[in-house]
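Q: This is the structure I want to talk about, given as structure tokens.
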Amino acid sequence: MSAQPAVAAAPPTARFRPPAVPKVSVSGFWGDRVDAVADRTADILYERCVAAGMLDQIDPDRPVPALRIPFHVTDGFTASTVTTQMFWDSDLGKTIETAAYCLYRKPNPELEAKIDAVIAMFEKLQQEDGYCSSWYIRMQPGKRWTNLRDCHELYCAGHLIEGAVAYYQATGKRALLDVMIRYADHIDRTFGPKPGQKRGYCGHEEIELALVRLARVTGEPRYMDLAKFFIDERGRQPHYFDAEARARGADPADFHFKTYEYNQSHLPVREQDKVVGHAVRAMYLYSGMADIATEYGDPTLRTALDRLWDDLNAKRLYVTGGLGPSADNEGFTADYDLPNETAYAETCAAVGLVFWASRMLGMGPNRRYADVMERALYNGAISGLSLDGSLFFYENPLESRGGHNRWVWHRCPCCPPNIGRMVASIGSYMYGEAEGEAAVHVYGASHATLDIGGGRTVRLTQETNYPWEGAVRVTVDVDAPTRFALSLRIPGWCRKATLSVAGITVDLAAVTVDGYARIDREWRAGDTVDLALEMAVERIYAHPEVRADAGRVALQRGPLLYTLEGIDNPVALNRIRLPDGAGFTASFEPDLLGGVTTLAATAEADATAGWNGDLYRTERPARQAAPIKAVPYYAWDNRAPGEMLVWLRGG
């Protein structure tokens with residue numbers, strides 16, 4: 001049967017927003033990930049923050065603690081020395097945010113009581129004018145707002161604001177939200193274009209994202225305007241960081257990283273066209289720019305963002321969705337510089353890419369953003385968290401000789417709560433809601449309640465075994481017949497897809513807009529949409545300028561990138577060659593790594609027999625058959641330590 005339901009081919013102009021986390025419940029693949037965070041990670045984050053001494057610093061009822069993490073002198077000037085202890089408020093903010101989402105998922109009175117106690121400390125810590133930084137109140141009083149370039153004051157405020165919004169939405173408790181509203185009001189009085197205000201912005205972007213969230217939950221436009229100010233002011237001349245350095249008696253030229261590209265303040269944001277500097281900072285900046293472009297309908301920001309998006313995806317992004325190859329600046333280097341074994345690819349950076357891509361979708365469903373978001377979600381981001389939720393990666397290389405393993409904690413523990421809060425809030429990335437519109441960006445078993453304006457609510461239920469299988473059924477539930485447009489992403493990796501609505505086959509080409517099937521009709525309770533996505537095993541090749549991957553091939557099936565681990569492959573991994581004609585068998589193994597689809601094939605390996613102690617010779621090595629087995633990249637190093645390799649030799 002082939003017929004065409006009512007559709008609208010025109011691209012949507014509505015402003016999309018992610019649903020609040022409590023409006024989406026997930027099961028299946030992502031349900032397992034969220035449960036691991038709720039069952040283990042959230043408590044681990046709290047306990048390890050306590051063990052690090054963070055509560056000693058924020059609790060005004062305790063003696064001022066000794067310095068736990070020494071200062072690192074970056075340029076010889078006392079005013080520019082830093083310690084990661086300055087940033088502890090941000091780790092607590094993200095820990096609170098993670099706990100909030102987990103409390104919604106699974107009630108945990110003991111954890112909730114601990115978080116409430118931390119919030120009470122911040123209430124007591126806050127000064128009369130609203131200022132609330134534990135470092136500058138307790139450890140270095142009198143120096144507030146003197147070194148925005150290095151010391152993360154606004155960054156820490158941003159993470160506390162995000163934690164406050166999440167805790168309010170999940171529990172209904174306003175204590176931390178009210179503290180952060182007072183703090184945001186203080187920041188709004190301190191920074192801005194008016195006489196007597198500072199025209200500054202943070203060296204580590206984050207506050208911009210937080211202020212947008214605060215504006216949305218409170219309805220207060222001043223916070224949105226302040227976020228816009230921070231975006232607009234960045235990189236303007238005279239440069240704020242230069243003036244700030246002189247004011248504290250330092251030479252602006254003695255900046256450790258020598259260039260303001262490090263914190264993306266080298267140019268006004270609308271003039272930037274290269275993704276440079278510290279990767280996490282870049283992703284947070286672009287996320288904030290995308291929020292402001294959406295909220296203010298600013299095409300100049302959208303133009304800049306698309307230039308930056310193209311630069312990242314054409315020259316600087318790992319196949320895993322990881323980014324930032326260098327440990328020296330925790331960020332970007334030259335075009336096509338994507339080493340595998342030494343890849344930094346910080347977990348926080350992949351999480352930040354998810355944030356950026358999600359916010360680009362605020363301007364309307366578009367596959368070019370959603371495909372990258374999915375790649376980062378399923379690969380470069382969740383690889384940073386062990387399957388049981390207890391261990392972490394800071395760096396996510398694409399090759400290991402066996403010495404790169406997950407750790408318990410880190411002196412700069414930004415990644416554990418960042419991946420924890422992202423996983424626990426995964427539902428907000430899966431869907432989008434707008435006036436008369438709903439969108440499904442990421443497939444996974446879930447139930448969402450979406451606001452489409454005019455007091456209308458739409459409930460969508462996804463039934464699927466994605467990412468292992470490509471069949472997705474979306475069931476619509478409405479209180480009365482309701483007309484709205486439902487957009488479903490057709491992934492770029494899918495070579496063949498079919499769609500039916502209420503049992504009627506849909507011509508995908510006729511309804512696809514920017515990579516989404518957009519179906520505009522009157523929906524009734526019980527209507528179903530069935531999407532079938534072919535999941536073939538794909539060979540991925542890198543641009544010829546990527547030296548590290550020349551002559552090599554990677555494997556992908558659906559949204560998942562695959563890797564070989566030594567534990568499954570007895571031949572040394574760099575001896576393996578994958579012939580062009582080698583066929584793969586995909587098999588779901590329920591008892592392996594929490595249940596994964598593995599890929600098996602017969603490859604070849606350079607034989608070591610017959611070399612007779614020689615290190616070099618004039619004859620090519622003989623080849624022997626080598627059965628290989630690949631597992632999803634996100635799941636590597638969850639068993640015995642050993643070799644790992646993403647890019648196999650081809651031919």
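Q: Would you check if there is a residue in the stretch 362-374 being within 22 Å of C412 (Cβ to Cβ) and either touching an Asp or Glu at 6+ places or on another chain (Cβ under 9 Å) or in contact (Cβ under 8 Å) with a residue 60 or more places away in the chain (or both)?
A: no
Q: List the residue pairs whose Cβ atoms are under 6 Å apart, where the first residue sits in the stretch 271-293 and is modelled with pLDDT of 95 or more, the second is aromatic (F, W, Y) and in a helix (DSSP H, G or I), and the two are 6 or more positions apart or on different chains.
A: Close Cβ pairs (under 6 Å, with a partner that is aromatic (F, W, Y) and in a helix (DSSP H, G or I)) amount to G277/Y262; H278/Y262; M283/W356; Y286/W356; S287/F355; S287/W356.
Results for (1) among the charged types (D, E, K, R); (2) in a helix (DSSP H, G or I); (3) within 12 Å of V442 (Cβ to Cβ), shown as yes or no for each residue.
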position	(1), (2), (3)
L353	no, yes, no
V372	no, yes, yes
L377	no, yes, yes
G389	no, no, no
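Q: Looking only at residues in the stretch 322-351 that are of a type in the set (A, V, I, L, M, F, W, C) and assigned to a loop (DSSP other than H, G, I, E, B), which one is farthest from I419 (Cα to Cα)?
A: A334
Q: Of all residues in the stretch 184-215, which are of a type in the set (S, T, Y) and either under 23 Å from C102 (Cα atoms) or buried (at least 24 other Cβ atoms within 10 Å of the Cβ) (or both)?
A: The one that is of a type in the set (S, T, Y) and either under 23 Å from C102 (Cα atoms) or buried (at least 24 other Cβ atoms within 10 Å of the Cβ) (or both): Y201.
Q: Going residue by residue through the stretch 551-565, is there one that turns out to be hydrophobic (A, V, I, L, M, F, W, C), more than 19 Å from V319 (Cβ to Cβ) and either touching a residue at least 40 places away in the same chain (Cβ under 8 Å) or outside any strand (DSSP E or B) (or both)?
A: no
Q: Checking the structure you have, find out if any residue of the stretch 453-465 is part of a loop (DSSP other than H, G, I, E, B) and either hydrophobic (A, V, I, L, M, F, W, C) or in contact with a Leu (Cβ under 8 Å, 6 or more places away or on another chain) (or both).
A: No: zero hits.
Q: For the list (1) of a type in the set (S, T, N, Q); (2) under 26 Å from D291 (Cβ atoms); (3) assigned to a helix (DSSP H, G or I), I need the number of the one condition that S25 fails.
A: Among (1) of a type in the set (S, T, N, Q); (2) under 26 Å from D291 (Cβ atoms); (3) assigned to a helix (DSSP H, G or I), the lone unmet condition for S25 is (3).
Q: Now a separate question. Helices (runs of 4 or more DSSP H) wholly in the stretch 110-207 with at least 2 residues that are more than 27 Å from the chain's Cα centre (by Cα) and without any contact (Cβ under 8 Å) to a residue 60 or more places away in the chain - which ones?
A: Passing ranges, in order: 175-190.
Q: Condition first: in a strand (DSSP E or B) and either of a type outside the set (D, E) or outside the structural domain of V571 (by TED's automatic domain parsing) (or both). Now tell me which residues in the stretch 589-615 satisfy that.
A: Within the stretch 589-615, V596, T597, T598, L599, A600, A601, T602, A603, A605 meet the criteria.
The values are calculated or read from the model by the stated rules, or taken from the named source; none is laboratory data. Here the structure is a predicted model, which means the values were calculated and not measured. Note that we place each Cβ from the backbone using ideal geometry, even for glycine, and neighbour counts take in every protein chain shown.
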